[in-house]
Every structure is written in structure tokens, then in C-alpha cells.
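A quick write-up on the structure given underneath.
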Amino acid sequence: MNQGTRSELISSLAEALRSATTTITHPLRVAIDGAPASGKTTLADELATVLRAQGRDVIRATIDDFLFPRAERYRRGQYSAESCYFDAHDRAALCRVLLDPLGPGGDRKFQTSVYDRDTDTPLSLPAAAAPTDAVLLFDGVFLLRPELIDRWDLRIFVSLPLEQTIDRARSRGTALAGSAAVIADIERSWQYRYIPSQQLYFATAHPTDHADIIVYNDQLQRPAWEVRLH
């Protein structure tokens, strides 16, 4: 177990990515998994900044751009944990347009999104071409489930007690909107949808068992991390 500053954490992760890159001949596909509001997107962005400063070609993408349309992902109810876990994300499209093209034998022609949240409609973006030594930093929930586990070359899990995720979500909602109705909806979403879906994920997929690196993010400026590369 290591503990240090944010800068030391990011440097350690960058070194782990460098080491992992030496063993493959295609772009490095990195999963940054974790519960909502655990800090995984911020971590991915921080890591991308450092890697780009080192001259690496970084592809940033997120599971939020691989959602099914609203009617499908809420078909069991807006506050359904099962709907969140089973119905929300188009994992087949994620593999087809991003993870498989960047993987072994892929043509490296990829897309980073298949869905527009603003219009709730599918997207069909032109494909981009990745160099062999590119790094994909992909953040999102449920990335270490059985359907995706073998698509990653490096697996990072951002750990935060679930009761703290709702505190951070509440603080973020207050900063962005501040209305009592918004905060109440956040609390209801976490209580009935997001926290139970994470409990379902842990019970069925055991994500931390498959992680190469676990980042303990309860102290943002003094995180701890465990490197256990397989």
C-alpha cells in the first residue's frame, strides 16, 4: 500500500502505464472504474494531462457516451438498480467501435461515442485512427464486469465508501444547481438506483478482485493506492 500526494499518485499510475505498454503491440486500453462520484473521471483527466505532457497520444472516452436511449435504460424504472446495472450501457457497441479496434488484431480505427445525451439519440461519428502506442483512458461504472473484463490491458478501480459518494454527489449538485428539488432527486437516485446497483455489481462481478491498481480516494489530496499488476 502506498500513500502520498495527488501528484505522486498520478506519477505512479503513469509509470504503471509505461510498464504495461512494453508488453503489448497495440494501443493500451485502460479501464478506470468506480462508483458514481468516486472521482474516476477527475483521475482519468489528471492522468491524461500528465501523459500528454510526456508526449503520449491519449484517447479519452467515457461510459456515459455509450448509453442506451433513455426509454430503454429506464425501462424497469428511473430508480431501479437492476435497470442501472443491466439496461443502461451499450457494451456491444463499446466493444465494436472502440475496445476491439484498439485491441490485438484490431485495425485501430475507433469511435469514442455512440450516443448524444443532450438529444437522447444515437450518434454515428467518423472513425479516427490511433497510433500503435496510443493510450485509451476510459472511465465509467461497471467496467470490470464479465462482459468487458478481457477487453482491458490495465484495470484501475477508484474506491470510495458508498456513503461518501452520496455526500460528494450532494455537494456537487448544490454547487451546480442548489435547489432543494435537485438535491432530493440526487439523494433518491443514490438510495434506490446507484448505491444498490454498485452493491449488485460487487456481489456478482467482484471488481476489486480483478483490478491491477486500486486507488483509495476518500482523501482527495492524500490518496492511497495499491499496485498488484497481474
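The values are calculated or read from the model by the stated rules, or taken from the named source; none is laboratory data. All of these numbers come straight from a predicted model, not from anything done at the bench. Here the Cβ is made from the backbone with ideal geometry for all residues, glycine too, and neighbour counts use every protein chain on show. Each accessible area value is taken on the protein alone, full model and side chains, heavy atoms only, with ligands, DNA and RNA left out. Shrake-Rupley method; radii C 1.70, N 1.55, O 1.52, S 1.80 Å.
Out of all DSSP beta bridges with both ends in the chain, state the antiparallel percent to the nearest 5. Don't skip to the end; give the middle numbers.
Values: 11 of 31 bridges.
Roughly 35 percent of the beta bridges in the chain run antiparallel, per DSSP.
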Q) To one decimal place, what orientation-averaged projected area in nm² is obtained for the convex hull of the Cα set of region 106-190? A) 8.4
Q | Value at 222 nm in deg cm²/dmol, rounded to 500, when DSSP H runs of n ≥ 4 in the chain each add -39,500 (n - 2.57) | A | -10500 deg cm²/dmol
(Q) Rounded to whole Å, give me the distance from the Cα center of region 116-172 to that of region 1-71. (A) 9
Q) What FRET efficiency do you get for L229 and D87 if R0 is 41 Å and r is their Cβ-Cβ distance, rounded to the nearest 0.05? A) 0.80
Q) Taking a spot 7 Å from the Cα of E163 along the direction of its beta carbon, which residues of region 205-230 have an amide N less than 17 Å from it? A) 217-219
**Q.** Residue-span extension gain [R96 to I149] - 0.36 nm each, minus C-alpha spacing
**A.** 17.6 nm
Q) How far apart, in nm, are the 7 Å Cα→Cβ label points at R108 and S124? A) 2.7
Q.
Once you order the gyration tensor axes a ≥ b ≥ c over the Cα atoms, which shape class does region 1-141 get: rounded for a/c under 1.5, otherwise prolate or oblate by comparing a/b with b/c?
A. oblate
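Ordering S124, S179, S11 from largest to smallest accessible area (1.4 angstrom probe), what's the sequence?
S124, S11, S179
What fraction of the DSSP beta bridges in region 93-230 is antiparallel, stated in percent and rounded to the nearest 5?
Around 65 percent of the beta bridges assigned by DSSP in region 93-230 are antiparallel ones.
Restricting to bridges with both residues inside region 60-150, how much of the DSSP beta-bridge set is antiparallel, in percent to the nearest 5?
Details: 5 of 8 bridges.
Roughly 60 percent of the DSSP beta bridges within region 60-150 come out antiparallel.
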Q) Can you list residues whose amide H is under 5 Å from V58's amide H, if they're 5+ apart or on another chain and H is modeled 1.01 Å from N? A) V135
Q | Debye log10 I(q)/I(0) at q = 0.11, 0.27 Å⁻¹ for region 73-149, Cα point scatterers | A | -0.34, -1.38
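Give me the number: length gained by fully extending L220 to R170, i.e. 0.36 nm times residue separation minus the C-alpha to C-alpha distance, one decimal in nm. Show your work: numbers first, answer last.
On the way: separation 50, 0.36 × 50 = 18.00 nm, distance 1.66 nm.
Gain in length upon complete extension: 16.3 nm.
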Q.
Could you give each residue of region 91-100 its phi-based ³J(HN,Hα) in whole Hz, using Karplus coefficients 6.51, -1.76, 1.60 with θ = phi - 60°, and x for Gly or Pro?
A. 5, 5, 5, 4, 5, 5, 9, 10, 6, 6
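I'd like the FRET efficiency for E8 and A203, computed as 1/(1 + (r/R0)^6) with the beta carbon distance as r and R0 of 25 Å, rounded to 0.05. Intermediate values should be presented prior to the final figure.
Working: r = 33 Å, r/R0 = 1.33.
Once rounded, the FRET efficiency stands at 0.15.
Quick check: residue separation of D57 and T22 times 0.36 nm, minus the Cα distance between them. What number comes out in nm? If you can, show how the numbers build up before the last one.
On the way: separation 35, 0.36 × 35 = 12.60 nm, distance 1.53 nm.
Answer, rounded to one decimal: 11.1 nm.
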